[in-house]
Structure formats: C-alpha cells, structure tokens
1. Six or more apart or on different chains, Cβ atoms under 7 Å: show the pairs whose first residue is in segment 719-743 and in a helix (DSSP H, G or I) and whose second is open to solvent by 50 Å² or more (accessible area, probe 1.4 Å) and at pLDDT 90 or above.
2. If you go through segment 594-603 one residue at a time, do you hit one that is over 14 Å from Ser198 (Cα atoms) and buried (at least 18 other Cβ atoms within 10 Å of the Cβ)?
3. Please give the number of the condition Val499 fails out of (1) closer than 29 Å to Pro149 by Cα; (2) open to solvent by less than 40 Å² (accessible area, probe 1.4 Å); (3) touching a Pro at 6+ places or on another chain (Cβ under 7 Å).
4. One residue is enough: does segment 143-165 have a residue meeting the conditions on the phi > 0 side of the Ramachandran plot and out of contact with any Lys or Arg (no Cβ under 7 Å at 6 or more places or on another chain)?
5. Would you point out the residue of segment 676-725, among those that are at pLDDT below 85 and polar (S, T, N, Q), that is nearest to Asp604 (Cα to Cα)?
6. Out of segment 770-814, which residues are among the hydrophobic types (A, V, I, L, M, F, W, C) and touching a helix residue (DSSP H, G or I) at 6+ places or on another chain (Cβ under 8 Å)?
7. Of all residues being hydrophobic (A, V, I, L, M, F, W, C) and under 24 Å from the mean Cα position of the chain (by Cα) in segment 769-790, which is nearest to Ala191 (Cα to Cα)? Just the residue, please.
8. Please go through segment 713-754 and give me each residue that is among the small types (Gly, Ala, Ser) and within 21 Å of Pro673 (Cβ to Cβ), ordered by number.
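The values are calculated or read from the model by the stated rules, or taken from the named source; none is laboratory data. Just so we're clear, the structure is a prediction, and the values are computed from it rather than from any experiment. FYI the Cβ positions are ideal-geometry reconstructions off the backbone, even for glycines, and counts take in every protein chain you see. SASA here: full protein model, heavy atoms, side chains in, ligands and nucleic acids out. Shrake-Rupley method; radii C 1.70, N 1.55, O 1.52, S 1.80 Å.
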Amino acid sequence: MNSLRHDILAERLRDNGRSSRRVAIRFAVTLCLALFLFHAPALHAQANTGELRLKVSDSLGRGIKATVRLQNEASQYDNTLETDDSGRLDAKRLPFGNYQVQVQHAGFAPYSQTVAVRSQLPIDVNISLQVASVETRVTVNANKTLLDPDQAGSVNQIGSSTIQNRLSSLPGRSIQDLVNSQPGWLYEGNAVLHPRGSEYQTQFVVDGIPLTDNRSPSFGPELEADDVDSISIYTAGFPAEYGRKMGGVVEINTMQDTTAGFHGETVFSGGSYDTAGAFFKGEYVWGQNFFDVSASGDGTAHYLNPVVTQNYTNRGTVGDFSANYERDFTPKDRLTMSVRHELSRYQLPNEDIQESAGQLQTADNFETMGIISYEHTFSPHAIADLSGMVRDNANDFYSNADSTPILITQHNWFREGYFKGTTTVDHGKQEIKAGVESDNIFLNENFHYVIPNVDTQLAYFDSSTPLTFSFMGNRPDLEQAVFVQDLIRVGDWTINAGVRWDHYQLLLNRQETQPRLAISRYFPDAGVIVHFSYDRIFQTPSFENILLSSSTAAAGLDTISLQLPVQPSEGNYYEAGLSEAFRNKVRIDGNVFRRDVNNYADDDQIENTTISYPIAFEKAIIYGAEGKLTLVNWRKFSGFASYSYEVGNAWFPVTGGLFLGDDAILPTSGHLPDSQDQRNTVRGRLNYQLTPRLWLAGGIQYDTGLPFDFECPGATGSQTPQQALQQCIAGQAAIYGWDVVNRLNFDLGRILPSFQVSASTGVDLYRSERFNVHLQADGENLTNVVEVIDFGGLFSGNAIGPGRSFYLRLRTDF
C-alpha cells in the first residue's frame, strides 16, 4: 500500500505541473465553440429524437382535419393524433426509426406511408387524400418498421403501449422497473439499476437533459412512468454526445399531444402493502402555444427493500409536479420553458433488534429544477440547439433517540447549473453534430453520528471508534466536455463515428479523449442487420458522500485506515451482434460484449450505517451475451422474452475510497466477483388480445442470484470447518429466519436462484372518440418466493423483494 500511495502522490505532483496548460487549452476550446453556438439560435434539448410536420389536404389543396396514426414496431411506438382545422400536425419527440403513417377521414380513401425519422431536423410531409371509391383497403407492412436499417448500434426501446400496460410498480420505481425488464440490466437493493456490471453509472436523459446522480428510491425522487411516452436504452454504441456516466444511458421522452384543445390523462392505482397513488396530466393547445401540467402522489408500506421478511418501518410517500410551456414564434423558432418539483419521504427498514429497541429512522429528498431552451431551424439541412438547467437537490436523514447501534443525522444538498449547445448539419449521406457541455455541481455535506454508549461501541464497533463524530464540507464538482460525431449512411452501411473530450475536477483533476465507433450492415434480402461498436469511456465517480469519505476527519474514525482519492474510471467497451425480422412478426436480437475498465467503480459504506460512498478497484473485466425475442401482433399474441449471461470480476488492489479497521487490510493482488455478477437472467411477458377491448398477459422473471459478502467465523477448539459453518448458518437463521437463510448458498457465497410469475388483465370499460376508461389488474410474484436480493449480515444492508402482491390501476384518457 505504501508503494501505491507513493505512486498517487507522484501523480498529483505531475498534475500540478500540467494544470496551467490544461486550463488554457480547455478555455480556448470551450470559448471558441461557445461563441459559435451563441450566435446560432437553438433547439430544445433533445437527443436521438426527431419531429414530423404533417400537412393533410384534399385534391384541391384544402386542409382537412383528419386522424393520424403513427406506428413504429421497433420502438413499440403507437399513437393516434389529430390534425388541426388547417390539416397541420406536429408530431414531436419521436425516437429515431421508420414510422408507418396512416391517415383517415370520412369520405376519403385511407392513406398509408412509411417515413424515416433519422435526424433532429424536422421532416415536412405533405399528404393529399383522394375521394373514397366504393371499397378501399390499406395494407400495412410492419416489416418496414420492425427493423431500423439506419441504426448503427443496438438500442432497446420501450414504447407507449408497453408503458401504459406495464406491470404495476411500487412508488419510486416505475421507470426503473421498465428498464430492469430489458436484457443487460439488473437490480441490487432498493431498485438501484446496474447495467452490464456497472455500479452507480446510469444516467437518465429526460427530454435531452442528463441527470447523472443516483435516481433510485433511496437517493432521488422518481419521474412517473405515466408521464413518459417512450424510452430508449443504450448499453453500447454510445453517441459521442453522451459521457461521464457510461454504464448505461436511458433516454426518456415525456408525453406531448399537440392536438388542439384540452386533453389529458388521469390514473388511480392501489393494491398490496397499503399502496395507493394518483396521477393527472392536462394539456392545452391553442394556436402556436402548448401548455401542460402534471401532478402525482403515491404512498406505500413497502417503499424500500426490507432487511427482514417482517417489513418493519417501511412507509414512504412520493410526489411530483411539473409544468411546461412551449411557443412556436415562427415555423423555425420555438421557445420552451419547464419547471419540475419532486419529493420523497420514507422510513428506513429495521432489523429485528432495532424494531425491539424502538428505532425509527427517516429520510427525505426534495428536488426542484427549471429548464429553458430555444429552437431555430436555419434550413432543411441545418439546426442548432442551446439549453440550460438549474437544479436544487437535498437529502436528509434522521434518527430517533432509540436508534441502535448508532444515531445518524445527515443533510446533504447540491445546486447544479447545466449548459449544453449543439449544432447539427445534414449533408445528404452524412449528418454531423458538434457541441459543448458544462455541468457545475456545488456539493454540500453535513453528517453527524452518536454511538449511544460504550457497551454498544464494544459490541458493534472497533474500540477506537469515536462515540461522536461530525463533518461539514462543500466543494464544486466541475465538468466540461466537447464532442463531434458523424452519422454516415452509404447504401446498406451505417456508421456513427465520433470523439469526445471530458474534463473532471473535484478531488482530482483529470481529462480524457474518447473515440467512439458504431457500424452496421443491413442485408435486405435476409432481413438482417449486423453491427459492431467500440466505445472508449471516461466515467466520473459517484459524488454521494464523496467529501465525507475523502476527509481527514473520516480517516480518523479508526486507528487503522486506508484513504485514497477515487479515480475516474477509464475503459474500453466492445459489442457485436445482429438483428433479424421473420415474417413481419418476430424480431430476434443477439449481442456479445466485453468491458475492460480501469479504476473500476464500486461502493462501500461506513460500518453499521447506511451511509455509502464510492470506491474503486484497479480494474474489472466484464463479458457476456444477451438475446431478445420480440413478437408483434401474431394471431392476437404479442410480447417478448430476453436472456442475459454475464461474468464480472474486479482486481485488487483498491485504487480509491475509504477503508477502516480490518477492511483497510486488503489484498494487493487477485480478484473477486463484482457485486453484480449474476450469471443468468431471464425476463418474459406474453400478451393475448382476447377481444378488441380485453387482453390477458403473463410474465416470468428468473435470476440465478448475486454474490453476497458475508464471512462465517472459522472453526474454534475441536470444531470441524463444517461444524463451524453449520453453527454460523444456524446463528443467521436465528436472526433472519430459515426462509431467508435457505435462500443462501454459504459454500459458494451466492444467493440461490429465484423464479417469479406474474399475470395481468386489462379491459376498456368505456371507449369513445373523446374518452377511454381502462382498468388493469396485476398479480406479481405469484410463486411467492422470498426474493433475497442482497445479504451481508446484521446492519449491513440486506435487501428482500416484495412477496405475492396484487394491484389495480384505472386510467382515463380524455
């Protein structure tokens, strides 16, 4: 470890020598691009979404108020809209792909056309309807939208119909549950998403604005899935505009219906664990103005994953309010402003010993953000965008006087100022996009604990651990980026090549240049797309409690400690795969991947507390394969089945983080499974449309289990190792019960496999041109398996999933 510390000190000295040159270069590059973009009015921040501008008229050119249906089988997008009295309709925030446009109006022949949405540049489509003959038929070829031959890499997409008919979720995790249904993703405790073995490296891009902090229920409030129109998910082939958190990127496009007048949606839900919720969204469109407002509130007695099956002290409530205004000043100029306020209040689940003592620990999270953007289209071939966001986020943690073995109080908050500007130019077969990004987060941490007495100290902590401890700190996290990417389409080939430069300055001063390449070849006769991607990635550390864990005060919590600055992760991602469509109804996707990451990010926690912070290992190698079968409306059946295989290992020594007591005595070589090393994961759901107004669905979830970090004491006296192990297991059963312990394989250090079954049904109770009332019933974990997600022993953050549960959801569209 002394050698390792010497290397780090030497690196810091070299950094100081290079810092002035770096600052000068960063300033010059950022200034040049910012000046260029400043003089170009800009577009509402949107990533990998486009816009269709339709004009429907009769044979004489007169506008017609018609019904327009947009379908994309690949993204599961299906939406029906109306043109205004002049026959115009702007369909916004469409995920890239091929869309079947179907237009109907009484007295005119139905019309159908396939339109490719491949760019942020708006597409103008003029449609002329002809007077209907005696009999007119329209045949729609789904194969044109089931595959996207212009997609350079693999993207998993979730469309509006899947979101509306999804399985019910506990409050705080509706978006996470949808993402977790896709190959390559899995949960650890409390709905923390892990894409392909990455820890805390998921970013959510909401209408083009990236949120890079942890969005799981115990860290941040959720965006309600009922407010979402489509989701696109990347785990490889990342466009160069994305950086910093690169385990996975989740693009979220919120709902926006531009039909004139007032319309919206209400949702009421309830079910097991005293779960209840309500959601409202209203939209009003007049002239060139669009305004919407949404609000939601949910509560449950199963907010987090409990540590014992009794589910003690686990109530939580969440709320959300947002408003958005948009105005088209001209066909080329658009202003958008939005505000959002979110909150969550919840209890921390108790262990048996804590429940007996009367412990009550509570936490809350409040977030307010405002976004403003302006859109200008220079020509059909050039567009620019400029957007900014300010955000305040606060987390609080409280303990009552009966808390054991430690009383914790915490108030962490940050203020964020974000800016992004891009310019996109279309050159026929090429589309070039360049931009700058700046994210300034001002971190504030306030942490305090009290160990009630010396007896508690001796029972659960090292004797040198202080009985009281306080820490206050603040520091800015400054990150900047410049990127350029080129999307090239030549015949049946599609290439997305780009490069990104990132700079990170918090505890360390680091920068990295990252080339990106995704390439695909479409074989139209076979209906097959073959693709390959390479991503160089630079991942900044999670900032949760990073000031506390890096402070000199924290290092003094034990006489034996190891404290190293957490380095950004750097690595190479590789993926190869194919997609194939069969008979216009079935799509098969398969990928193999490998990730080689230096300074592999993970997390740890202060002993016997829930306070986690980032750490890093020397490197990690993660590889695996994924497959997904999608069925599209075949004889009233639709659905999907996916399989993921993954192997991940992390190598010593550690290169960043805080380690106290025995944890500070770590190997200097060797490796161990990373904490997300679940070898086999299966997800599936099959829908059957029994009648035009009634559907049935069934689903499965199979997980072979994560590794767990718990070490039984060795044999003593005349005990054999097997006797010592059985005594240890019996001791854990006395604490957690055999229903939990029987789900653990102590020999292998792995949680045993679990298999869950779900069932749903939905019915349209009332349907008209103006209103649609839909009722859905869900049964989840019908096998009632005790789903042990994580296990680490007493006060170490066990996590147990919900048991058999039932829910109802009533949705009204108007």
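1. Taking only residues 6 or more apart or on different chains, the pairs are Asp739/Thr309; Val740/Thr309.
2. No, every residue in segment 594-603 fails to be over 14 Å from Ser198 (Cα atoms) and buried (at least 18 other Cβ atoms within 10 Å of the Cβ).
3. Going through (1) closer than 29 Å to Pro149 by Cα; (2) open to solvent by less than 40 Å² (accessible area, probe 1.4 Å); (3) touching a Pro at 6+ places or on another chain (Cβ under 7 Å) one by one, Val499 breaks only (2).
4. no
5. Going through the qualifying residues, I end up with Thr716.
6. Selection gives Val786, Val788, Ile789, Phe791, Leu794, Phe795, Ala799, Ile800.
7. Filtering first and then ranking leaves Ile789.
8. Gly749, Ser754
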